[in-house]
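The values are calculated or read from the model by the stated rules, or taken from the named source; none is laboratory data. This structure is a prediction, so every number in the text was calculated from the model and none was measured. Cβ sites come from the backbone with ideal geometry, for glycine too, and all protein chains shown count toward neighbours.
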Amino acid sequence: MNLPTQLTPLVFAIIACLAISIEAEDFLTCGGFIKSEIQINFARIEVKLYTRQGALKYQTDCAPNNGYFMIPVYDRGDFILKLEPPSGWSFEPTSVDLKIDGENDPCSQGKDINFFFKGYTVSGKVVSKGKKDGPEGVLISIKPKDKDVAMETRTKTGGVYNIPNVLPGDFIITASHPSWTFEKASITHTVTKDTATVDSSIIISGYDVRGKVMSEGEPIKNVFFILFSDTVKKGDVTGCQKSGVNGYQSEGKSPLCHVQSDVEGQFVFPSLGSGEYRVVPFYKGEHTTFDVVPSSLQFTVEHNTVQLPTVFQVAGFSITGRVLSVAGGSGVQGAKVKVRGKPEVVTGPDGTFRMEKIKSGTYTLQASKEYLTFDPLNVKVTPNTPRLPDIVASKFSACGRVETSAGGQRKVSLTKEGSKQPEIATTDKDGAFCFTASPGVYVMQPLMSDAEKSAGLRINPENQKITIVSTPILDINFSQFKATLRGSIKCLDVCGTLQVMVESKDGRGFKKPVPVSQQTKQAAFIIKDILPGKYSISVVQTNWCWTKSSLDVEVIDQDIGGLEFQQNGYVLHCHVSHPIELLYALDSSPSYKGSFTLKKGPNQFCLEKPGSYKLSPKSCHQFEKSEYAFQTSAPNMLTLTALKHQIHAEITTTQPVMDITVAISSGGKLEQTVKLGPLKSRQQLEQESKPPAKKTGNETAEKKSTPQPTGPQVYDVSHWAGNGEVLEIVPSSGEFLFYPSTVKVTVESGKNSH
């Protein structure tokens, strides 16, 4: 064993023990030194002995002043002597395999096992801008500031790099990559005792993204590729053009930049930061925009070069055209344009359309739109075709309807001005028809048979003149003539709500009520859609009297006006049990009065003025009331039923009798006896009713008495009795007797007993 020349007493003690151990052959020792060209802290280093199976047999620290270590070995066998320094310290070797047999191994022979310190491991990281990690494969070199010799390594997963065996000093650490862009590619770092981790990261600002564009196997140059992103800002991309692309219409979002394909069809975005992107191809010639598929492509940049997996293909080019209603006129919106083998396209508000993925060749364009007709258009299309010829409508629809009461199908003729050959169209079951005609002036006419004309069928108008210019005409309507009847109702007071009824008189069963409501004394009415024929028109108001309550009219081929209904009173409906005379008087105008003669049963009369009336029956019958009320605004049936009848008797005498009385009993019951008298004769009553004679000069101032009648006298007896009642009439006087002395009478409705 080679020992240093100067050892501390502790070392000597160890050696002494070692010598004793060897002699005793109880165990062996394995020892050596940790050697370093620079001063290091030996105490932080551990030396461990492991079995081949990895079991720890013994461990020890090194001597802090010179790095010496010693480990006892009690068994023979295979072991591993392993150095375990602090993280980042580099040694050669890091472990030694031992096969201890007591004779041939270093420990049995007393040889030192030494480990040599090479330096510290410098650890750092390369990251993508804005991220915590970075790519692998970046070349990292570390060079002392005062030397030209550099050590190199490459980053591992996550961008981590480790450079071992670096002795203390000032260094420059530099990163490089053939296609990536660095925001900070070089940093300085000072390695001191036990300090090897680099705090500052190297930053990659962008990665290259590559793609290719082809057309039928050939590369295409000068295709623009426009870049968009929702996660990356414009300042985070470099190496591409940030100006606008002529002819490209933005999608609302501002692009980051663009590049163009080269002669090989290759395109490269040199430096894109990590994030989500979308690239849109755009290829436009002098007159033509070409179609490139896919129309856009999404991709993600993480920590590496991106080779777009999809090859862009120029599938064809776009052509545009217009559909017009007339040459030089306005565009037709919503027209469909079809080319065989291509999807149908629809024109926009100005009539323009665009067809995609067209290749050079001859095509037939066919446009269509409801109510317009277009002739097929044959065109030769090349990439240099600036624009397709306009597709112009050749014909337009002229449509309408013929409405008749009979309905069904009917023929309509269309004759162009200057032509004698009409076109004929047949309506559908609802009367609708359509012609297709080129621009010009036409006469359109519904056709009728002779039988229809004889039956009075009239279609209005008989014909129509139409001019087709640049738009379809869709409202050419014919209808069977229908008249409008107009008239008025003249009322004695406010008309209010009435109804006019129209009824056919030719057996068609047509009946149409027309409401009329006006708060004036004259109400107008209009009756529309009346077919030719004979009609009766009546005003429906049974409580009023009319000069004429109905009018007969005949509709032929024109409207009828001047119809008039005149109210001349209010209907009084009465029902009486006996013939009577009915007196009437208007409350608001007592001078307006009169009478009606009513027969037994129902009666109807007219009162000429509106208002409230008093009605009084005049007859030899007695009713429930002596006076009845009637209101024209709320008319009701007046029912009069007689309750009693007047019985009249006469008593004749040969001379005046001053004390005649009459007893009239009903059914022989004294308690129902009525006494009349003393009676006055007709002559006496007549004499008393005469006016007094004028005075003369010969007359005295004395008042003369009224002369008394003389000769035969007649006395009247009247009494009211119910129908069927039996009366006994007994006259009496103090001086005279009567014959017969008693008369019995049975009361019968409508008869007087004498």
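On the stretch given as the range 500-509, residues that are modelled with pLDDT of 90 or more and surrounded by fewer than 17 Cβ atoms within 10 Å (Cβ to Cβ) total 2. Among 494, 502, which is the only one that is assigned to a strand (DSSP E or B) and not assigned by TED's automatic domain parsing to the domain that holds residue 447? Among 494, 502, only 502 is assigned to a strand (DSSP E or B) and not assigned by TED's automatic domain parsing to the domain that holds residue 447. Which members of the range 405-442 meet the condition of being surrounded by fewer than 16 Cβ atoms within 10 Å (Cβ to Cβ) and of a type in the set (Gly, Ala, Ser)? Once the filter is applied, which keeps residues that are surrounded by fewer than 16 Cβ atoms within 10 Å (Cβ to Cβ) and of a type in the set (Gly, Ala, Ser), the range 405-442 yields 405, 406, 407, 408, 418, 419, 432, 438, 440.
Looking at the range 500-544 only, could you name the residues that are among the hydrophobic types (A, V, I, L, M, F, W, C) and either in contact (Cβ under 8 Å) with a residue 60 or more places away in the chain or closer than 25 Å to residue 460 by Cβ (or both)? Of everything in the range 500-544, those that are among the hydrophobic types (A, V, I, L, M, F, W, C) and either in contact (Cβ under 8 Å) with a residue 60 or more places away in the chain or closer than 25 Å to residue 460 by Cβ (or both) turn out to be 500, 502, 510, 514, 524, 525, 526, 527, 530, 531, 537. Based on this model, can you work out whether residue 126 counts as modelled with pLDDT under 90 and crowded, with 17+ Cβ neighbours inside 10 Å? Judged against the criteria, residue 126 is not a match.
Consider the range 27-64 and keep the residues that are buried (at least 16 other Cβ atoms within 10 Å of the Cβ) and of a type in the set (D, E, K, R). The one that is nearest to residue 94 (Cα to Cα) is 48. Of the residues screened, residue 401 is not one that is crowded, with 16+ Cβ neighbours inside 10 Å, more than 21 Å from residue 355 (Cα to Cα) and over 40 Å from the mean Cα position of the chain (by Cα). Total residues in the range 467-502 satisfying the condition of being aliphatic (A, V, I, L, M) and closer than 17 Å to residue 536 by Cβ: the figure is 7.
Do we have any residue at all in the range 154-172 that's in the same structural domain as residue 284 (by TED's automatic domain parsing), within 59 Å of the chain's Cα centre (by Cα) and within 15 Å of residue 141 (Cβ to Cβ)? Checked the range 154-172: no residue is in the same structural domain as residue 284 (by TED's automatic domain parsing), within 59 Å of the chain's Cα centre (by Cα) and within 15 Å of residue 141 (Cβ to Cβ).
Only residues that are surrounded by 15 or more Cβ atoms within 10 Å (Cβ to Cβ) and free of Cβ contacts under 8 Å to residues at least 24 places away in the same chain were counted across the range 462-499, and they come to 1.
Select from the range 594-626 the residues that are among the basic types (Lys, Arg) and surrounded by 13 or more Cβ atoms within 10 Å (Cβ to Cβ) and list them in ascending order. Across the range 594-626, the qualifying residues are 609, 614.
How many residues are not small (Gly, Ala, Ser) and not in a loop (DSSP other than H, G, I, E, B) if we restrict to the range 461-491? Of the residues in that region, 17 qualify. Flag: residue 160 matches the condition of being surrounded by fewer than 17 Cβ atoms within 10 Å (Cβ to Cβ), at pLDDT 90 or above, at negative phi and of a type in the set (A, V, I, L, M, F, W, C). Residues considered: 571, 540. Of these, the only one that is touching a Phe, Trp or Tyr at 6+ places or on another chain (Cβ under 7 Å), hydrophobic (A, V, I, L, M, F, W, C) and surrounded by fewer than 17 Cβ atoms within 10 Å (Cβ to Cβ) is 571. Exactly one residue out of 631, 655 is under 60 Å from the mean Cα position of the chain (by Cα), at pLDDT 85 or above and surrounded by fewer than 16 Cβ atoms within 10 Å (Cβ to Cβ): that is 631.
For the range 211-268, the set of residues classified as farther than 22 Å from residue 128 by Cβ, assigned to a strand (DSSP E or B) and of a type in the set (S, T, N, Q) consists of 215, 241, 260, 266, listed by residue number. Scanning the range 95-112 for residues that are farther than 15 Å from residue 59 by Cα and either in contact with a helix residue (DSSP H, G or I) (Cβ under 6 Å, 6 or more places away or on another chain) or of a type in the set (Val, Ile, Thr) (or both) returns 100, 102. Among all residues of the range 182-199, there is none that is farther than 30 Å from residue 142 by Cβ, outside any strand (DSSP E or B) and in the same structural domain as residue 142 (by TED's automatic domain parsing). Within the range 658-678, if we keep just the residues that are surrounded by fewer than 16 Cβ atoms within 10 Å (Cβ to Cβ) and hydroxyl-bearing (Ser, Thr, Tyr), the residue that is farthest from residue 604 (Cα to Cα) turns out to be 661. Residues that are part of a strand (DSSP E or B) and among the aliphatic types (A, V, I, L, M) were ranked within the range 634-652; the one that is modelled with the lowest pLDDT is 643. Considered as a group, the residues in the range 717-735 that are of a type outside the set (Val, Ile, Thr) and in contact with an Asp or Glu (Cβ under 9 Å, 6 or more places away or on another chain) include one that is surrounded by the fewest Cβ atoms within 10 Å (Cβ to Cβ), and that residue is 735. The set of residues in the range 269-304 that are under 17 Å from residue 232 (Cα atoms), among the polar types (S, T, N, Q) and not in a strand (DSSP E or B) comprises 274, 304. Candidates in the range 182-236 are the residues that are surrounded by 19 or more Cβ atoms within 10 Å (Cβ to Cβ) and of a type in the set (S, T, N, Q); of these, the one that is nearest to residue 88 (Cα to Cα) is 205. Candidates 71, 113: the one that is farther than 30 Å from residue 303 by Cβ and either part of a strand (DSSP E or B) or of a type outside the set (Val, Ile, Thr) (or both) is 71. Taking the range 717-739 on its own, how many of its residues are assigned to a strand (DSSP E or B), of a type in the set (A, V, I, L, M, F, W, C) and farther than 11 Å from residue 663 by Cβ? Of the residues in the range 717-739, 3 are assigned to a strand (DSSP E or B), of a type in the set (A, V, I, L, M, F, W, C) and farther than 11 Å from residue 663 by Cβ.
If the condition is being surrounded by 13 or more Cβ atoms within 10 Å (Cβ to Cβ) and within 42 Å of the chain's Cα centre (by Cα), then the range 283-305 contributes 283, 284, 288, 289, 290, 291, 292, 293, 294, 296, 297, 299. So how many residues does the range 320-362 have that are assigned to a strand (DSSP E or B) and either under 24 Å from residue 470 (Cα atoms) or in the same structural domain as residue 223 (by TED's automatic domain parsing) (or both)? Selection size over the range 320-362: 14. Determine if the range 199-219 includes at least one residue that is polar (S, T, N, Q), out of contact with any Asp or Glu (no Cβ under 9 Å at 6 or more places or on another chain) and within 22 Å of residue 296 (Cα to Cα). Yes, the range 199-219 has at least one match. On inspection, residue 279 passes the criterion of being at pLDDT 90 or above, in contact with a strand residue (DSSP E or B) (Cβ under 7 Å, 6 or more places away or on another chain) and not assigned by TED's automatic domain parsing to the domain that holds residue 358.
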